[in-house]
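Colleague: Have a look at the structure that comes next, please.
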Amino acid sequence: MNFFTNMNIPNSTLPRIVIIGGGFAGIALAKKLKNKKVQVVLLDKHNYHTFQPLLYQVATGGLEAGSIAYPIRKVIQEYDDVYFRLTNVQEIDSKNQKIITEIGELKYDYLVIATGSKTNYFGNKEIERNSMAMKTIPQSLNIRSLILENFEQAVLTTDVAEQNSLINFVLVGGGPTGVELSGALAEMKKAILQKDYPDLDIAKMEINLIQSGDRILNTMSEKSSQAAEKFLTSLGVKIWKNVRVTNYDGRTITTNSDLTFETATVIWTAGVQGALIAGLDGKSLVEKVERIRVNEFNQVVGYENIFAVGDIASMESETYPQGHPMMAQPAMQQGELLGENLIKLIENKPMEAFEYSDKGSMATIGRNKAVVDLPNYHFSGVFAWFVWMFVHLFSLIGFKNKAVVFLNWVYNYIRFDREGRLIIRPYKKKSFTTFTSDEV
């Protein structure tokens, strides 16, 4: 008799819950299932959880990658009958209740898809090939290296046009990621780069933020949008609204107007889509954004024992006709409630419908500059910046990460510095047609 699966996971008489993804939703769910009468198998293509809201600080040298990552195995090391496997899930075989991965197949009683989201290029393969994305730690490190390598190259060239291109940065997408990254680059220009590169005319460095809509931070209040735009403008960021990027060939950005940009660095933050796994019925999918349709219990439409939580899940309602925002808050809340509901389902008890509790949203633009939207109050400036810092510190996993990030922030504030501007892993662009930046 075989007591183990081909992933070396013991066979069990308890219901097996397989969770695909160790992001905010997957970790919240695993924590809720701690020491319950179930076997839990958590799968992820990385062995760490990433605190994505601070990726931009890794990309701009404010933090090291290790301070926003936490080992998944450490999260679950004191949990009974919980297993982690490092792998990429390739397909779901719902008929036989199993998943197919790079390291083998695994049967499940209940399957939870928490794969999160990836960059959405809206079908433009050339932009996908030539621009930079920022959804993972490796991608953030690539951006950091590319920024610094471009400055090192700019020092060497005598071609004025090429030099300007190397120190001209374009960020496409005026959401929180684009706004925060623009602000961080502007602060580097103001306080750091002119000292690091005295033989360059840093005043010529441009930071362009392109937004297809009529305002940046369009998911926040108009008051916060206006405040953020004012902050960015004061830092020297050029904001281009109602402009849509149509192409980027690695050198020139073209738009839906006569506006063009010559730049060696384009960072694409214009949208995200679900990170789907093959195998689900097409009726369960929202094809345009590649999300999975779920009911109020996060059950995938058309399946009784398959669930989806977080960015990948589209729970349509009157309040959220296109599903909940693809943010950490809904993901964590869905993961926590699903943990309770799965136990209720196993015990033949009625499940509780999910209701999103919006605790507010925020974005930081730079030193003493942030915007905060609470359900009944909006504010910006120094106090908002301190609120932003407190919330993000509190949300990090692990005391060491909290301490390291806090000390880094204090040091950076006092010294006007970002000591993480290191080219640890040189980035070289790939030009073959099958390359996508999500795979870097």
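Colleague: Calculate the length of the line joining the C-alpha centroid of the range 266-321 to that of the range 99-134, in whole Å.
Modeller: Distance between centres, Cα-based: 13 Å.
Colleague: Still on this structure, I have one more. Taking the Cβ-Cβ separation of LEU259 and PHE394 as r and a Förster radius of 41 Å, what is the calculated FRET efficiency to the nearest 0.05? Spell out each step's value before the answer.
Modeller: Working: r = 41 Å, r/R0 = 1.01.
E(calc), rounded to 0.05, equals 0.50.
Colleague: Another one. Of LYS135, LYS204, LYS190, which is the most mobile in a GNM of the chain whose springs link Cα atoms less than 10 angstrom apart?
Modeller: LYS204
Colleague: Need one number: the % of Cα-Cα pairs in the range 111-171 sitting beyond the 13 Å mark.
Modeller: Of all Cα-Cα distances in the range 111-171, 72 percent exceed 13 Å.
Colleague: Given a Förster distance of 41 angstrom, what is the FRET efficiency for ASP214 paired with ASN11, based on the Cβ-Cβ distance and rounded to 0.05?
Modeller: Working from the Cβ atoms, E equals 0.10.
Colleague: Could you estimate the translational diffusion coefficient of the range 195-269 from the Stokes-Einstein equation, with Rh from the Kirkwood formula over C-alpha pairs, at 4 °C and 1.567 mPa s, in whole µm²/s?
Modeller: Rounded to a whole number, D works out at 92 µm²/s.
Colleague: Still on this structure, please answer the following. Report Rg(Cα)/(2.2 N^0.38 Å) for the range 270-409, keeping two decimals.
Modeller: In units of the 2.2 N^0.38 Å rule of thumb, it is 1.25.
Colleague: Using a Gaussian network model of the chain with C-alpha springs under 10 Å, which one of ALA403, ALA275, ALA313 is most mobile by mean-square fluctuation?
Modeller: Answer for the Gaussian network model of the chain: ALA403.
Colleague: Can you pull the semi-axes for the range 104-244, root of five times each eigenvalue of the Cα gyration tensor, sorted largest first, whole Å?
Modeller: Result for the range 104-244: semi-axes of 32, 22, 14 Å.
Colleague: When the Kirkwood hydrodynamic radius is evaluated over all pairs of different C-alpha atoms of the chain, what value in angstrom, to one decimal, is obtained?
Modeller: In the chain this quantity evaluates to 23.0 Å.
Colleague: Take the Cβ-Cβ distance between ASN88 and ARG425 as r, set R0 to 25 Å, and report the resulting FRET efficiency rounded to the nearest 0.05.
Modeller: 0.75
Colleague: Right, another one. Take every DSSP beta bridge with both residues inside the chain and express the antiparallel ones as a percent of the total, to the nearest 5.
Modeller: Antiparallel bridges make up about 50 percent of those DSSP assigns within the chain.
Colleague: What is the range 60-104 by shape, rounded, prolate or oblate, if you read a ≥ b ≥ c off the alpha carbon gyration tensor as root eigenvalues and call it rounded for a/c under 1.5, prolate for a/b larger than b/c, and oblate otherwise?
Modeller: Oblate, because a/c is 1.5 or more while a/b does not exceed b/c.
Colleague: With springs only between Cα atoms under 10 Å apart, run a GNM on the chain and tell me which of SER145, SER395, SER380 wobbles the most.
Modeller: Its mean-square fluctuation being the largest, the pick is SER395.
Colleague: So for the range 290-333, Kirkwood radius off the Cα pairs, Stokes-Einstein at 25 °C and 0.890 mPa s: how many µm² s⁻¹?
Modeller: On the way: Rh = 10.3 Å.
Result for D is 238 µm²/s.
Colleague: More than 24 angstrom separation, counting every C-alpha pair in the range 1-127; what % is that?
Modeller: 35
Colleague: Something else: Semi-axes of the range 157-223's equivalent ellipsoid from the Cα gyration tensor, sqrt of 5 times each eigenvalue, largest first, rounded to whole Å?
Modeller: 28, 14, 7
Colleague: Taking only the Cα atoms of the range 16-88, how large is their convex hull per residue, in Å³?
Modeller: 79
Colleague: Additional query: Over 19 Å apart: what share of the alpha carbon pairs of the range 321-382 falls there, rounded to a whole percent?
Modeller: Taking all Cα-Cα pairs of the range 321-382, the fraction more than 19 Å apart is 51 percent.
Colleague: In whole Hz and in residue order, list the ³J(HN,Hα) couplings for the range 196-211 that follow from phi through the Karplus curve 6.51 cos²θ - 1.76 cosθ + 1.60, θ = phi - 60°; x for Gly and Pro.
Modeller: Couplings: 6, 10, x, 8, 10, 8, 5, 4, 7, 5, 10, 10, 10, 10, 9, 10 Hz.
Colleague: Moving to a separate point now. With everything on Cα atoms, drop me the angle between helix 222-234 and the longest principal axis of the chain, reported from 0 to 90° to the nearest 10.
Modeller: In the chain, helix 222-234 runs at an angle near 40 degrees to the longest axis.
Colleague: Are any of the pairs LYS45/LYS118; LYS45/LYS125; LYS98/LYS344; LYS32/LYS135; LYS32/LYS118 more than 19 Å apart by Cα-Cα distance, and if so, which?
Modeller: As for pairs spanning more than 19 Å Cα to Cα, those are LYS45/LYS125; LYS98/LYS344; LYS32/LYS135; LYS32/LYS118.
Colleague: Now, a different point. Quick check: the distance between the Cα centres of the range 9-30 and the range 207-263, to the nearest angstrom?
Modeller: 41
Colleague: Based on the alpha carbons, how large is the Rg to Rh ratio for the range 232-304 when Rh follows Kirkwood?
Modeller: 1.20
FYI, it's all coordinate maths here, none of it is from the lab. Everything numeric here is computed off the predicted structure, so don't read it as measured data. When we count neighbours, we look across all protein chains shown, and the Cβ atoms used for this are built from the backbone with ideal geometry, even at glycine.
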